[in-house]
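These notes are about the structure you will find just below.
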Amino acid sequence: MRIAPEGWPFIATAWTLAAGAALVAARWGGAWWILPAMLTLLAGWVVAFFRDPIRQGPRGDRYVLAAAEGHVVQVAEVDEPMYVKERAVRISVFLSVFDVHVNRYPVNGTVEFVHYNPGKFLHAADEKASLDNEQASVGVRGPRGPVLVRQIAGLIARRIVTDGRPGDRAAQAARLGLIRFGSRTDVFLPLSARPAVKVKPGDRVRVGGTVLAEYP
């Protein structure tokens, strides 16, 4: 299992606590074994949370791939003045604490824009989260125009990692960053490029594997 590098300190801490609790339980016995059992489950979850799988799926300039893994919570037409700077379709994916939290580039292109905005930690699935929550926005000049990916923190998330910098080459399905622990990722596509959205609210998508939209 591939693990995101940011996960190793958390994994080491979780398993150290589980091992320490097991030593205590071995000495005292009885109900003390409940503690190492619970900590072992927690340590297993931490490993699963930081997994970094490579998903298989369509590739190429026609396709916009999922930048995050989770459930589509909204597909909406909105104004996007920060980078796309025109009417856009926004595809919002909510990541639970059980989903893969590595983000990936939805298209090939060049990173032109990276902006971090501190904010609140509202429930990431709420509409207000896209405006008020801590977030990082990454704009990529793709083969069919500008594409904006927005990493949004949630109730539990307290750390957004964004790898790209302006001028970097963005490779489709390559790592863009990571959010921990529970969050939302929005992808904005210009309506002028006439993208055909392939997902709807309630659909489950796989990061770097599911096609969100297809250009003509």
message: For a quick check of your reading of the model, give me the residue pairs whose first member lies in the range 188-216 and is assigned to a helix (DSSP H, G or I), whose second is of a type in the set (Asp, Glu), with beta-carbon atoms closer than 8 Å and at least 6 apart or on different chains.
response: Leu191/Glu77; Leu191/Glu86; Ser192/Glu86
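Any idea which residue in the range 53-71 is modelled with the highest pLDDT, counting only those that are small (Gly, Ala, Ser) and either under 21 Å from Ser192 (Cβ atoms) or open to solvent by 70 Å² or more (accessible area, probe 1.4 Å) (or both)? First the steps, then the outcome.
Taking the range 53-71 as the starting set, the residues that turn out to be small (Gly, Ala, Ser) are 57, 60, 66-68, 70.
Add one more test, that the residue is either under 21 Å from Ser192 (Cβ atoms) or open to solvent by 70 Å² or more (accessible area, probe 1.4 Å) (or both), and what stays is 60, 67.
On the way: Gly60: 94, Ala67: 97.
The residue in question is Ala67.
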Top-ranked residue in the range 122-161 [being in a strand (DSSP E or B) and of a type in the set (Lys, Arg); ranked as modelled with the lowest pLDDT]: Arg159
message: Restricting to the range 35-53, name every residue that is in contact with a helix residue (DSSP H, G or I) (Cβ under 7 Å, 6 or more places away or on another chain) and among the small types (Gly, Ala, Ser).
response: Ala43
- line: Looking across the range 87-106 at residues that are among the charged types (D, E, K, R) and at pLDDT 95 or above, the single one that is farthest from the chain's Cα centre (by Cα) is Arg87
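Would you mention how many residues in the range 176-205 are out of contact with any strand residue (DSSP E or B) (no Cβ under 9 Å at 6 or more places or on another chain) and aromatic (Phe, Trp, Tyr)? Give the derivation first.
Restricting attention to the range 176-205, the residues satisfying the condition of being out of contact with any strand residue (DSSP E or B) (no Cβ under 9 Å at 6 or more places or on another chain) are 194.
Subsequent filtering for residues that are aromatic (Phe, Trp, Tyr) retains none.
Number satisfying all stated conditions: 0.
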query: Has the range 9-24 got at least one residue that is β-branched (Val, Ile, Thr), without any contact (Cβ under 8 Å) to a residue 40 or more places away in the chain, open to solvent by 60 Å² or more (accessible area, probe 1.4 Å) and closer than 30 Å to Ala174 by Cβ?
result: yes
statement: Checking Ala25, Ala19, Ala31 in turn, the sole residue that is farther than 30 Å from Glu214 by Cβ, modelled with pLDDT of 90 or more and more than 27 Å from the chain's Cα centre (by Cα) turns out to be Ala19
- request: Check off (1) crowded, with 18+ Cβ neighbours inside 10 Å; (2) in a strand (DSSP E or B); (3) not aromatic (Phe, Trp, Tyr) for Gln74 and give me the number that stays unchecked.
  value: (1)
- prompt: If we scan the range 190-205, do we find a residue that is open to solvent by 30 Å² or more (accessible area, probe 1.4 Å), among the hydroxyl-bearing types (Ser, Thr, Tyr) and at pLDDT below 95?
  reply: yes
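The values are calculated or read from the model by the stated rules, or taken from the named source; none is laboratory data. As the structure is a prediction and not an experimental result, all values here were calculated from the model. So basically every Cβ, Gly included, is an ideal-geometry build from the backbone, and we count neighbours across all protein chains shown. Please note that ligands, DNA and RNA were not included when accessible areas were found on the heavy atoms of the full protein model with its side chains. Shrake-Rupley method; radii C 1.70, N 1.55, O 1.52, S 1.80 Å.
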